[in-house]
Amino acid sequence: MKIAIASDHAGFEYKTALVKDLKEAGFEVLDLGTDNPDQPDDYPDHAADVALAIINQKAERGILICGSAVGVSVAANKFKGIRAGVCHDTYSAHQSVEHDDVNILCIGQRVIGINLALEIVHTYLKAVYSNLPRHQRRLGKILAIEEKNMKSST
């Protein structure tokens, strides 16, 4: 599985650790920055890079890290076809994929420890969308809302 990953300066330390861990676990990793935590940057730019990697099929799943995970989640969810979820526990990490078909995991470096972050990432990557009728129905409603709002905003 190919994973697109990025962070702003506030998530750089975890991104670096996650890239190393994911490569050692056999994942193909597309590191989209930031490469310098001392250089000013903005989380929406990194969220856009990962979202576009998913949309353009350069990666199957994405991971975004910032201080809280909220900013990158908000920014990534502005892209059609992206379902970015903030997960700071393993239950949410697998449930977000199994029930909601989340394709970008968002983690806050200032919220959880690195060991938990690693566990959450691996839980998220092992999870598979369930395709159960109730989840298909709910995801269909989300996609319909997205489609309606994309048309009305143009």
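Since every read-out is calculated from the coordinates, none of them should be taken as a lab result. A quick note: this is a predicted structure, and the numbers were derived from the prediction, not measured. All Cβ positions, even for glycine, are placed from backbone atoms using ideal geometry, and neighbour counts span all protein chains on display.
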Hits in segment 45-59 - residues which are surrounded by 17 or more Cβ atoms within 10 Å (Cβ to Cβ) and not aliphatic (A, V, I, L, M): HIS46, ASP49
Given the structure, is THR16 in a loop (DSSP other than H, G, I, E, B) and of a type in the set (Val, Ile, Thr)? no
Within segment 32-40, is there a residue that is surrounded by fewer than 19 Cβ atoms within 10 Å (Cβ to Cβ), of a type in the set (Asp, Glu) and more than 12 Å from ASN103 (Cα to Cα)? yes
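Which one is farthest from ALA47 (Cα to Cα) among residues in segment 70-116 that are part of a loop (DSSP other than H, G, I, E, B) and acidic (Asp, Glu)?
Of all residues in segment 70-116, those part of a loop (DSSP other than H, G, I, E, B) come to 77-83, 87-89, 101-103, 109-113.
Checking which are acidic (Asp, Glu) leaves us with 89, 101.
Details: ASP89: 21, ASP101: 18 Å.
In this case the residue turns out to be ASP89.
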Looking only at residues in segment 19-42 that are among the acidic types (Asp, Glu) and not in a helix (DSSP H, G or I), which one is nearest to the chain's Cα centre (by Cα)? ASP31
Taking LEU139 as meeting all but one of (1) without any contact (Cβ under 8 Å) to a residue 60 or more places away in the chain; (2) touching a Lys or Arg at 6+ places or on another chain (Cβ under 9 Å); (3) crowded, with 19+ Cβ neighbours inside 10 Å; (4) assigned to a helix (DSSP H, G or I), write down the number of the exception. (3)
Go through (1) touching a residue at least 60 places away in the same chain (Cβ under 8 Å); (2) among the hydrophobic types (A, V, I, L, M, F, W, C); (3) buried (at least 21 other Cβ atoms within 10 Å of the Cβ) for ALA17 and report which single condition fails. (3)
Close pairs (6 angstrom Cβ cut-off, 6 or more residues apart or separate chains): among the polar types (S, T, N, Q) in segment 47-73, buried (at least 24 other Cβ atoms within 10 Å of the Cβ) anywhere: SER73/ALA84; SER73/CYS106
